[in-house]
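Trainee: I'd like to ask some things about the structure below.
The values are calculated or read from the model by the stated rules, or taken from the named source; none is laboratory data. Small disclaimer: the values here were computed from a predicted structure and weren't measured. Heads up, the Cβs are rebuilt from the backbone with ideal geometry, glycines too, and the neighbour counts pull from every protein chain shown.
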Ligand code: 9WO
């Protein structure tokens, strides 16, 4: 499941070019019983199973001796700190990050106490395991590793670097049924195109996520356009 995620697309190319390395480890390889048991019934009773702590501890010990100590050991959990652009950037600056994924109803608390150095959530929902969240984190973090995304401008331009949503994008054809590409984009006037994109990005952010505007890095021109957009909404 993890291999398929990371071998495709931009990430797969980065792996081939050895700009990033990704290792997938099966917790069952760090068990010692015949059934390779990674779970057990919860102390105190109740439904479901709990992931045992030792396979996590032994897996991280093996990673440490083979690859050196990780700079962060992150438990993927709905109870973790919210993952964000800023968290992705922080993790991208570390050399070696280990992500821990659980299954079943929960993970033995000693994994948090003894193995993980932090806990991250990608959103307020419960899944059947931590693997999809881990793939999300790997993807978002890898984008910030220099060389992974071909054109660095794509990374610097992304919504959350600027703190604003992207402007609308269009490619050929110039019209689909009655939906034409805005004339300004066909005009060749780079100054006007730049201002139109700015304005559309601000308009979208104001309409959908006004909270983002408080933290956004707005220049003087942005602030003028934003005031005008706000006044326009009030005027109607
Ligand atoms: C299961 C459960 C059942 C009833 C009530 C509460 C419950 N919580 C859980 C639970 O957290 N299960 C986890 C499943 C056990 C560890 C791995 N699992 C997981 C990780 N589900 N969702 C995530 C996750 C990780 C990061 N960001 C969002 C979700």
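Trainee: Output the number of residues of region 16-28 satisfying the condition of being in a helix (DSSP H, G or I) and surrounded by 16 or more Cβ atoms within 10 Å (Cβ to Cβ). Spell out the reasoning first.
Mentor: Residues of region 16-28 in a helix (DSSP H, G or I): 16, 27-28.
This time we only want the ones that are surrounded by 16 or more Cβ atoms within 10 Å (Cβ to Cβ), so: 27.
Residues in region 16-28 being in a helix (DSSP H, G or I) and surrounded by 16 or more Cβ atoms within 10 Å (Cβ to Cβ): 1 in total.
Trainee: Out of all the residues in region 94-102, is one or more free of Cβ contacts under 8 Å to residues at least 12 places away in the same chain and either touching a helix residue (DSSP H, G or I) at 6+ places or on another chain (Cβ under 8 Å) or within 20 Å of residue 20 (Cβ to Cβ) (or both)?
Mentor: Just the residues of region 94-102 that are free of Cβ contacts under 8 Å to residues at least 12 places away in the same chain, to begin with: none.
Taking every residue of region 94-102 in turn, none turns out to be free of Cβ contacts under 8 Å to residues at least 12 places away in the same chain and either touching a helix residue (DSSP H, G or I) at 6+ places or on another chain (Cβ under 8 Å) or within 20 Å of residue 20 (Cβ to Cβ) (or both).
Trainee: When you look at residue 78, is it touching a strand residue (DSSP E or B) at 6+ places or on another chain (Cβ under 9 Å), assigned by TED's automatic domain parsing to the domain that holds residue 48, away from the ligand (no atom under 15 Å from the Cβ) and over 27 Å from residue 162 (Cα atoms), yes or no? Step through it out loud before you land on a result.
Mentor: On the way: touching a strand residue (DSSP E or B) at 6+ places or on another chain (Cβ under 9 Å): yes; assigned by TED's automatic domain parsing to the domain that holds residue 48: yes; away from the ligand (no atom under 15 Å from the Cβ): no; over 27 Å from residue 162 (Cα atoms): yes.
No: the conditions fail for residue 78.
Trainee: Is one or more of the residues making up region 42-54 touching a helix residue (DSSP H, G or I) at 6+ places or on another chain (Cβ under 6 Å), within 16 Å of the ligand (Cβ to nearest atom), closer than 16 Å to residue 112 by Cα and in contact (Cβ under 8 Å) with a residue 12 or more places away in the chain? Spell out how you get there, then give the answer.
Mentor: So the first thing to find is which residues in region 42-54 are touching a helix residue (DSSP H, G or I) at 6+ places or on another chain (Cβ under 6 Å), and the list is 53.
Filter once more, keeping what is within 16 Å of the ligand (Cβ to nearest atom): 53.
Now drop any that are not closer than 16 Å to residue 112 by Cα, which leaves 53.
Applying the additional criterion that residues be in contact (Cβ under 8 Å) with a residue 12 or more places away in the chain yields 53.
Yes, region 42-54 contains at least one residue that is touching a helix residue (DSSP H, G or I) at 6+ places or on another chain (Cβ under 6 Å), within 16 Å of the ligand (Cβ to nearest atom), closer than 16 Å to residue 112 by Cα and in contact (Cβ under 8 Å) with a residue 12 or more places away in the chain.
Trainee: Looking only at helices (runs of 4 or more DSSP H) that lie completely in region 97-204, which have at least 3 residues being more than 16 Å from the ligand (Cβ to nearest atom) and at pLDDT 95 or above? So that I can check it myself, show each step before the final result.
Mentor: Values: elements: 131-143, 152-156, 159-162, 183-186.
It comes to 183-186.
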